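Report on the following structure.
Every number in this text was worked out from the coordinates using simple rules, so none of it is lab data. For clarity, every value in this text was computed on a predicted model and none was experimentally measured. As a convention, Cβ positions derive from the backbone with ideal geometry for all residues, glycine included, and neighbour counts pool all protein chains shown.
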Amino acid sequence: MKEEKVSCKEVMHHICDNLGEDLDSPKCRAIKEHLDNCENCQKYFDSVEKTIKFYQMYNVELKEEAHKRLLDYLGLE
Amino acid sequence: MDEKELIKKAQNGDRKALAELVRKYEQTIYNFSFKICRDKEKAEHAMQETFMSMIKNIGQFSGKSKLSTWLYTIVSNHCLMMARASKNKTFASLDDEDALIDEKNIAEWKITPQNIAENNELKNLLDKAIDKLPYDYRIVFLLRDVEGLSTAETGQIVKLSVPAVKSRLHRARAFLRNELNKMFLQ
């Protein structure tokens, strides 16, 4: 999966959209201020992002024998 | 030949077109099935049943959704059926949303998602963590975050509203992050 650069504004849009809030609502402004200054939140988001990446990168390959067994099971060859 | 044409031919009984569709999606479906089952034998079985269902029901495929969405729906259902058949398993409860955010144990993860293919220890931890996640949360997490489907498509597959998908996704992410956090900090 390609790396996508997102702006802080997009991140805030995303968070606020999930909360059902407008970007300039008091709650969203307070969240932005908090995120800018909170090391704990930055570490937390980093760990959630890594969690997703780990599962994205853990893949298995279908072996040729399994492919043959599949076509055989389906009666396609 | 484009996919629509292939589907049309397959619906008219063209075996070569069916084989072509199987070839196109077998890797994706096997990989996704493994990610749900975490077992290669079960993943292969679910993949076989998925394509058998595709062949039997291709005539009913209306083309309103993508073929891949249809296949994700079928394989998710097969995996769920297989999971329900093995009743002895217990899963974590994700009902208490507040308990999922663990404010006391927020540490920086030194580990980075590189070379995971050769890192069997990490794979083992990932298997252990997701193995505790109930299947209805697991499938939402895998469809949305891992396969990259939209929230709406995910909702269509698991028959949930968009807000319900978001809620499950949020809980699944937090749960998996906490499980890995515990393991990494040991």
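A few notes on this one:
- Charged neighbours of B:W109, selected by a Cβ distance under 9 Å, balance to +1 (K, R count +1; D, E count -1).
- Among the listed pairs A:K68/B:K8; A:K53/B:K42; A:K43/B:K159, a Cα-Cα separation exceeding 32 Å is found for A:K43/B:K159.
- Straight-distance crosslink candidates among aspartates and glutamates, where the alpha carbon sits under 19 Å from A:K27 and sequence neighbours closer than 8 are dropped: A:E10, A:D17, A:D36, B:D98
- Reachable aspartates and glutamates from B:K40, criterion Cα separation under 12 angstrom, eight or more residues apart if same chain: A:E61
- Of the GluC sites (Glu not before Pro) found in the range B:99-136, the ones in coil according to DSSP and having at most 13 other Cβ atoms within 10 Å of their Cβ are B:E108.
- Any cysteine of the protein assembly as shown lacking a neighbouring Cys Cβ under 4.7 Å - listed by number: A:C8, B:C37, B:C79
- Sparse packing (at most 16 other Cβ atoms within 10 Å of the Cβ) combined with a DSSP loop state is found for the following trypsin sites (Lys or Arg not before Pro) in the range B:57-141: B:K64, B:K66, B:K87, B:K89, B:K110, B:K132.
- Entries of A:K50/B:K64; B:K104/B:K182; A:K50/B:K123; B:K35/B:K166; B:K87/B:K132 with Cα pairs more than 23 Å apart: A:K50/B:K64
- Rh by Kirkwood over Cα pairs, then Stokes-Einstein D for the range A:8-74 at 0.890 mPa s and 25 °C, µm²/s: 160 µm²/s
- Counting Cβ atoms of other protein chains within 10 Å of each residue's Cβ and taking the mean over peptide B:52-61 gives 1.
- Sequence-distant aspartates and glutamates (8 or more away, or on other chains) whose Cα lies within less than 18 Å of B:K9: A:E77, B:E20
- Each other residue within a Cβ distance under 15 Å of B:E20 adds +1 if Lys or Arg and -1 if Asp or Glu, for a net charge of +1.
- Angle between chain B longest axis and helix B:40-57 axis [Cα atoms, degrees, rounded to 10]: 40 degrees
- Dimensions of the range B:97-185 along the principal axes, based on C-alpha atoms and rounded to the nearest Å, stand at 36, 32, 19, largest first.
- The helix-based estimate of mean residue ellipticity at 222 nm for chain B, built from -39,500 (n - 2.57) per DSSP H run of four or more residues and divided by its residue count, is -21500 deg cm²/dmol to the nearest 500.
- Loop-located trypsin sites (Lys or Arg not before Pro) in the range B:1-38 whose Cβ has at most 11 other Cβ within 10 Å (DSSP): none
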